[in-house]
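Undergrad: Before we start, here is the structure in question, set down as structure tokens.
The numbers here are math on the coordinates, done by the rules we state, and not lab data. Just so you know, these numbers come straight off a predicted model, no measurement behind them. In this analysis, Cβ positions are derived from the backbone assuming ideal geometry, glycine residues included, and neighbour counts consider all displayed protein chains.
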Amino acid sequence: MLNIYDGALDVPKILKDWYKEESTSNYGAYIPFVGTVRDENGIDGLSFDIYEPILENWFNVWQAKAKAKGAIIKMAHARGDVLLHESSYISCVFSPKRRVALEFIDEFVEDFKASAPIWKYDLINGKRVYALDRSTAIKGSGILGVK
Amino acid sequence: MLNIYDGALDVPKILKDWYKEESTSNYGAYIPFVGTVRDENGIDGLSFDIYEPILENWFNVWQAKAKAKGAIIKMAHARGDVLLHESSYISCVFSPKRRVALEFIDEFVEDFKASAPIWKYDLINGKRVYALDRSTAIKGSGILGVK
Amino acid sequence: MIRVEFLGPIQKNALEIEITNLKELAKILQEIPEMTEWLENSAVAVNDTIVISLDMELKNGDKISMLPPVCGG
Amino acid sequence: MIRVEFLGPIQKNALEIEITNLKELAKILQEIPEMTEWLENSAVAVNDTIVISLDMELKNGDKISMLPPVCGG
């Protein structure tokens, strides 16, 4: 399950809904990861662009990896503006056993940061400034620049 | 913050309360771990004994470790009976950065399983059967048995 | 006709061009000065699948996307 | 007087005994047949701090706890 929301996420509701959805699925471990906008560098917030077709493909590959371990993943992300101390990202793993869940949430979140087609902008004085210095080139980048 | 509850945990409420408590603390990552009773081996549920004085000492050591990394931890555990598909354990890490949070929740949960003075029993036909085969001897165990 | 879309912070309207492979696309984009930096740090997807080689023929109606460095979360 | 408490699944009432160190406690408990298994797999705490050596003097009013294998979560 992958959901994109306009603006900040309702974290308590999403965490609750996911827990309830799997309440009888017999998973022993549920590990959410919640990402919240920090007050730093004088920003007023963050803003996000998302390219959904590739995000969905990426997510489906990870869902298949989870399934191979008897686990499932869920993810929610904000599109547009998210202000200070609001949350922009939640993902989670449900699995029968804790080791799988602990390892999977780590791998999944790290690959999310490196590969998911989402672009972050700082909100500064009402302007959107692309956060290039905190961004990661997707694997395979640069092939069109080779002469 | 360490809370012991009689019976199953109200997971949505605890996850929400923890999120709200730290809503302006400027943590960028919030990772809860939720442990739920699985339907397996024909049990009707699990039951727990807790020795609070040593649990609190153990928790305080981990809270200090978290603090040294700019993070905090919270934990809730059930005492007594917890039925199938109910949850007995939640812990979480809040930290400014995701790497610290991802690594800390793993180390913390693993040491919890190995060291926290909590005893688990299977509920089978109304009886409490000590789950010795899934239990771990605390480091230093056995010194009184040496002749 | 091939459609080329520039995603996220690349401020450029989509192109509709007649090309038959990705090497032709590279040549065309390399002649646009404001694309230089993006060509070096962006990934390329054909019909929403990221490719890691230019050795790919294109067919009429294919969609190409350029994906600059990402930072979700 | 030293109080010795048996935690969790060890079904045994607390003892109040006159001892001055943990080695004396080991001798006393090793003479109780139903304690054999627990002595081998339990940890020992003095005043709620787990100890990993028997080289420890005890003083009047100390509390000793025996902690069998744990499984929280």
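Undergrad: Calculated from DSSP H runs of 4 or more alone, at -39500 (n - 2.57) each and per residue, what is the 222 nm mean residue ellipticity of the protein assembly as shown, nearest 500? Please report the intermediate quantities before stating the final value.
TA: Numbers: 10 runs with 122 residues, N = 440.
Theoretical 222 nm ellipticity from helices: -8500 deg cm²/dmol.
Undergrad: Could you compute the FRET efficiency for residue A:124 and residue A:56, with r as their C-beta to C-beta distance and R0 at 45 Å, rounded to 0.05?
TA: After rounding, the FRET efficiency stands at 0.90.
Undergrad: Whose amide H sits under 5 Å from the amide H of residue D:21, counting only residues 5 or more places off or on another chain, with H placed in the peptide plane?
TA: When sequence neighbours closer than 5 places are left aside, the close amide H contacts are D:58.
Undergrad: Another question about this same structure. When the label point is put 7 Å from the Cα of residue A:17 along its Cα-to-beta-carbon vector, which residues of the stretch A:29-68 have a backbone N closer than 18 Å?
TA: Hits in the stretch A:29-68 for residue A:17 at 18 Å: A:31-35, A:56.
Undergrad: Let me ask something else about it. Using only Cα atoms and rounding to the nearest 10 degrees, what angle (0 to 90) does helix A:98-115 make with the longest principal axis of chain A?
TA: So the inclination is approximately 20 degrees.
Undergrad: If you don't mind, there's one more thing I want to ask. Which FRET efficiency value, to the nearest 0.05, is calculated for residue C:13 and residue B:6 with the Förster distance at 56 angstrom and r the Cβ-Cβ distance?
TA: Details: r = 63 Å, r/R0 = 1.13.
E(calc), rounded to 0.05, equals 0.35.
Undergrad: Counting other beta carbons within 10 Å of each Cβ, put B:82, B:61, C:4 in order, fewest first.
TA: Values: B:82 25, B:61 12, C:4 20.
The most exposed by this proxy come first: B:61, C:4, B:82.
Undergrad: Using only Cα atoms and rounding to the nearest 10 degrees, what angle (0 to 90) does helix A:11-21 make with the longest principal axis of chain A?
TA: 30 degrees
Undergrad: Another question, if that's okay. Just for the protein assembly as shown, what percent of DSSP beta bridges are antiparallel, to the closest 5? Don't skip to the answer; put the middle values down first.
TA: Details: 84 of 102 bridges.
In the protein assembly as shown, DSSP labels about 80 percent of beta bridges as antiparallel.
Undergrad: For the stretch A:129-146, take each phi angle, set θ = phi - 60°, evaluate the Karplus expression 6.51 cos²θ - 1.76 cosθ + 1.60, and give the result in whole Hz per residue in order, putting x for glycine and proline.
TA: Going residue by residue, I get 10, 4, 8, 4, 5, 9, 9, 10, 5, 5, 3, x, 5, x, 5, 7, x, 6 Hz, with x marking Gly and Pro.
Undergrad: In what order do A:108, B:59, B:94 fall by count of nearby beta-carbon atoms within 10 Å, going from fewest to most? Mind dumping the intermediate values first?
TA: On the way: A:108 23, B:59 20, B:94 27.
So the ranking, lowest neighbour count to highest, is B:59, A:108, B:94.
Undergrad: Enter the Cα centre distance for the pair the stretch B:111-142 and the stretch A:78-147, rounded to the nearest angstrom.
TA: If you average the Cα positions of each part, the centres end up 39 Å apart.
Undergrad: Would you please give the FRET efficiency between residue B:25 and residue B:107, computed as 1/(1 + (r/R0)^6) with r the Cβ-Cβ distance and R0 = 22 Å, to the nearest 0.05?
TA: Details: r = 21 Å, r/R0 = 0.97.
Efficiency, rounded to the nearest 0.05: 0.55.
Undergrad: Sticking with this one: Distance from the Cα centre of the stretch D:10-42 to that of the stretch C:44-67, in angstrom?
TA: Taking the Cα centre of the stretch C:44-67 as reference, the centre of the stretch D:10-42 is 73 Å away.
Undergrad: Quick one: Karplus J couplings for the stretch D:38-47, per residue in order, coefficients 6.51, -1.76, 1.60, θ = phi - 60°, nearest Hz, x for Gly and Pro?
TA: These are the phi-based 3J(HN,Hα) values: 5, 5, 6, 10, 9, 8, 10, 10, 10, 6 Hz.
Undergrad: Cα-based Rg (one decimal) and Dmax (whole number) for the protein assembly as shown, in Å?
TA: When restricted to the Cα atoms of the protein assembly as shown, Rg and Dmax are 27.7, 96 Å.
Undergrad: Scan around residue C:7 for amide H atoms under 5 Å from its own, H built in the peptide plane at 1.01 Å from N, and keep only partners 5 or more places away or cross-chain.
TA: C:66
Undergrad: Here's a follow-up. Given charges of +1 on the Cβ of Lys and Arg and -1 on the Cβ of Asp and Glu, with all other atoms neutral, how large is the dipole of the protein assembly as shown about its Cα centre, in debye to the nearest 20?
TA: Details: 50 positive and 64 negative charges, 39 e Å.
Charge dipole of the protein assembly as shown: 180 debye, to the nearest 20.
Undergrad: Go through the stretch B:71-84 residue by residue and turn each phi into a ³J(HN,Hα) via Karplus (6.51, -1.76, 1.60, θ = phi - 60°); whole Hz please, and just put x for glycine and proline.
TA: Values, residue by residue: 10, 9, 10, 9, 8, 9, 9, 7, 10, x, 7, 9, 8, 3 Hz.
Undergrad: Modelling each spin label as a point 7 Å along the Cα-to-Cβ direction, I'd like the residue C:49/residue B:41 distance in nm, to one decimal.
TA: Between residue C:49 and residue B:41, the simple spin-label model gives 4.6 nm.
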